[in-house]
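First up is the structure itself, then whatever we jot down about it.
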Amino acid sequence: MSDPKDQGDVEGARLSLGALFIAFLKIGCVAFGGFMSLVAVIESVFVERRKLLRHEEMLDGISLGNLLPGPLAVNVVAYVGFRLRGLPGAVVSAAGVILPAFVLMVGLTHVYFQYGDVPALGAVFAGVTPAVAAIIAAVVHRMAKKALVGRVEWTLALVAAGLLLFAPRELKLFLTFGVVGGYGLLGQLLFRGHFKDLPSAPLKAHGSPLPLVLTVLALAALPVLSVLPLDIAEDGLLRLGLTFGGLGVMLFGGGYVMIPMIQDVVVLQQSWMTEQQFIDGIALGQVTPGPILISATFIGQHVAGLAGAAVSTFAIFAPPALLMVTAASALDRLKGSVGIQAAMRAIRCGVIGLIFTAAWVILEAAIVAQGGDAGGLGVTAVIFAASLVALVRFKVDVLAVIPAAGALGFLAGAAGLLGAG
């Protein structure tokens, strides 16, 4: 596997593994709002402020994440860590971003099964939601300035956004694949001539694709092992690891798409918990600043204590992240190709459109949560507008915007001005 530091990433080499871990630990503490909000924070910290990555590299990582299985948020984190410090960087980055949500989920799980209730944080998250939409909108603004340089690029981005905004929910996953894959083919027609002077090196000059092939074959065995009638304890750590490892590598399209499959395995097949407990575990996942699949921690802890929580969490995140890193290495080897450059130019336009839809959907959810209440809608609008101005005009650190929005939500809720959603 090639080290990205050999690709000329001089800035990334200056960031120690310890500093990388701390940076993602801080991000993990405030990464509320799902995949795109986490990506927005990463982009703000590593691309805009620290300038350790280029906008194009971030878009490449998001594109890979949409094509590969696994939790999108953690996969992109692993990609960024790999770009900056190779495989060790991927490991410490993923560990840092997951740790805050893991610790909080362990505590909430204990409270839930001990007392049957959790603290009400609805108003805080009602304040955070419009700020998250503003953060994503600011990222779209920055990326569009870099990547959408002509009418063709703008058209590609707008078409992608329109497809995702107006398509039926059951088709959105397929359209995401369609945009990434279809735009790659379209790029050959639209942009190949733009790279005619780029020397195209033969594949053997960039290394063997064998690591990617072997990784895919190894991970493909996990779903098979998870359903085989093996002579192991049904509530043991090995069963938890195989089950969540198999689920992780079968996940396409984000954690929400995976919920019905996890429910079928956890509630119906394994009988590890009741349906209501499973639903409550998913709800607790929304309280943490982590990916929706941090609910694996809840399930594993209920089945086998703290060790079960650790095994389940590792199993659902680590195998897809390994595939992401291996695919990123393969992409590095192929970037000398004129065809790959043309494809990635079109795909980046499509990804910007996809990111815009995330901002729109999140803001819409914040509005709907207020149920038409004028006071709540006013507070939501003020938080969104203030966050967007702070980010775009005054370049306020995104890690300060989210806590401030949460505090405003709490105060507005205490004053009866903001619904909890």
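What follows draws every value from the coordinates through simple rules; no lab data is involved. Small disclaimer: the values here were computed from a predicted structure and weren't measured. Ideal geometry is used to build each Cβ from the backbone, glycine not excepted, and the neighbour counts take in all protein chains shown.
Put simply, when 66-75, 384-393, 100-109 are sorted by average Cβ atoms within 10 angstrom per residue, most first, you get 66-75, 100-109, 384-393.
The modelled label-to-label distance for the pair His141/His194, using points 7 Å beyond Cα in the direction of Cβ, is 2.4 nm. Applying 0.36 nm per residue to the separation of Lys26 and Leu306 and subtracting their alpha-carbon distance, the gain on full extension is 98.5 nm. Each residue of region 89-99 was assigned a 3J(HN,Hα) from its phi angle through the Karplus curve 6.51 cos²θ - 1.76 cosθ + 1.60 (θ = phi - 60°); the sequence is x, 4, 5, 5, 5, 5, 5, x, 6, 7, 3 Hz, with glycine and proline shown as x. Exceedance of the 23 Å cut-off in Cα-Cα distance is limited, within the set Lys26/Lys145; Lys145/Lys395; Lys26/Lys146; Lys145/Lys172; Lys51/Lys172; Lys51/Lys395, to Lys26/Lys145; Lys26/Lys146; Lys145/Lys172; Lys51/Lys172. Note on the chain: helix-only mean residue ellipticity at 222 nm, from DSSP H runs of 4+ residues weighted -39500 (n - 2.57) and normalised by residue number, equals -25000 deg cm²/dmol.
A Cβ-based charge dipole, computed about the Cα centre of region 272-405 with Lys and Arg at +1 and Asp and Glu at -1, lands at about 700 debye.
Taking other residues whose beta carbon is less than 11 angstrom from the beta carbon of Ser93, and scoring Lys, Arg as +1 and Asp, Glu as -1, yields +2.
Ordered by the count of other Cβ atoms within 10 Å of each Cβ, fewest first, Met344, Met250 give Met250, Met344. Taking packing as the residue-averaged number of other Cβ atoms within 10 angstrom, the listed peptides 222-228, 358-364, 133-139, 298-304 run from highest to lowest as 133-139, 298-304, 358-364, 222-228.
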